[in-house]
Amino acid sequence: MPVGYSAGGRDAGRVGAAPSMHAGRDCTIGKVARGEPVIAIDGPGSSGKSTVGALAAARLGFRFCDTGLFYRAAAWLALERGVPVDDGPSLAALAPDLHLEADGAGRYLRVRAAGRDVTALVHRPEIDRVVSEVAQQPELRAALLPRQRELAEEGGIVVAGRDIGTVVLPEADVKIYLDASLPERARRRGLERGIPAGEVDGDAARRTRDELQARDAIDSGRASAPLRVAPDAIVIRTDGFTLEQAVVAVVNAIETARRAVRHRP
Ligand code: DC
């Protein structure tokens, strides 16, 4: 089980029978008619978008894409090639070398940069420290926008990021904004980094929290596609949730929103 969530018991929450891949075949929402729905999940760092989103997508029979991997891989390649992290045009020129890869279940959770699988490298602290700076460059964002839209084109996918419901896929069928307090997100990130749960006030834990807060400020304060709650998003706060409870909350929100749309006169 991914670290950071409360240990759930058998009563942690249950989801009813997941609909099949084809349950939403007649889904026609907004201006776009598609075979399968598109679900956007946005939220701040360590809010669980990737872990919770991937598990929710699997239960619903949808593919999953973590768009943060594009920005992380751009940051990795920039450091590797000595490209300044604030040089938007040069960062944009790296975009054709970045490729997300799906596993057999249609989860885009791996990323290649210049042909090399860098998935294990892009979650390191040195990438965390520069990725928000990289991601705020409008030229890079513009270069990655069509790449993200392409992945969602067929539908039947949950796409996680910061600006998915607001900019990348504003006509997404369901939009979720996954949130948690800064201390909770810092605790989860700390556990991922091997900081024991009890040491919330230690130096390493404090540094983790400060870094997360600094990244929040850049992601929310940037001029280009800042992190925002889309007006039509369902906000889910996961403080105190087990991982299972968070997944159930997301699955239920998606199913409820889709039912409401199908039953609209
Ligand atoms: O979700 P994450 O921590 O892996 O994201 C890494 C960085 O990329 C973070 O600074 C936010 C940015 N990002 C973004 O600006 N837009 C997205 N759609 C996804 C991530």
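General observations
- Neighbours by Cβ (under 6 Å, 6+ apart or cross-chain): first from the range 117-142, in a loop (DSSP other than H, G, I, E, B); second among the aromatic types (Phe, Trp, Tyr): Val118/Trp76; Leu121/Trp76; Val122/Trp76
- Residue-level check: of (1) out of contact with any strand residue (DSSP E or B) (no Cβ under 7 Å at 6 or more places or on another chain); (2) within 14 Å of the ligand (Cβ to nearest atom), Tyr108 misses just (1).
- Some residue of the range 190-197 being modelled with pLDDT of 90 or more, over 23 Å from Pro170 (Cβ atoms), exposed (fewer than 14 other Cβ atoms within 10 Å of the Cβ) and away from the ligand (no atom under 16 Å from the Cβ): no
- Selection status of Thr119, closer than 29 Å to Ala186 by Cα, within 11 Å of the ligand (Cβ to nearest atom) and modelled with pLDDT of 95 or more: no
- Scan the range 36-74 for residues that are within 8 Å of the ligand (Cβ to nearest atom), over 23 Å from Pro170 (Cβ atoms) and not in a loop (DSSP other than H, G, I, E, B) and the total you get is 1.
- Here Asp216 qualifies as surrounded by fewer than 19 Cβ atoms within 10 Å (Cβ to Cβ) and under 22 Å from Leu140 (Cα atoms).
- Search result, residues across the range 209-230 that are more than 11 Å from the ligand (Cβ to nearest atom) and polar (S, T, N, Q): Gln213
- Flag if Gly156 is in contact with a Lys or Arg (Cβ under 7 Å, 6 or more places away or on another chain), under 20 Å from Ala58 (Cβ atoms) and of a type in the set (Gly, Ala, Ser): yes
- Inside the range 79-103, residues that are in a helix (DSSP H, G or I) and out of contact with any helix residue (DSSP H, G or I) (no Cβ under 6 Å at 6 or more places or on another chain) make up a count of 6.
Yes/no per residue for (1) away from the ligand (no atom under 13 Å from the Cβ); (2) within 21 Å of Gly106 (Cβ to Cβ); (3) surrounded by 20 or more Cβ atoms within 10 Å (Cβ to Cβ); (4) not β-branched (Val, Ile, Thr):
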residue	(1), (2), (3), (4)
Arg147	no, yes, no, yes
Glu153	yes, yes, no, yes
Gly165	no, yes, yes, yes
Ile176	yes, yes, yes, no
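The values are calculated or read from the model by the stated rules, or taken from the named source; none is laboratory data. The shown structure was predicted, so the numbers you read here are calculated from the model rather than taken from an experiment. We place every Cβ from the backbone using ideal geometry, glycine too, and count neighbours over all the protein chains shown.
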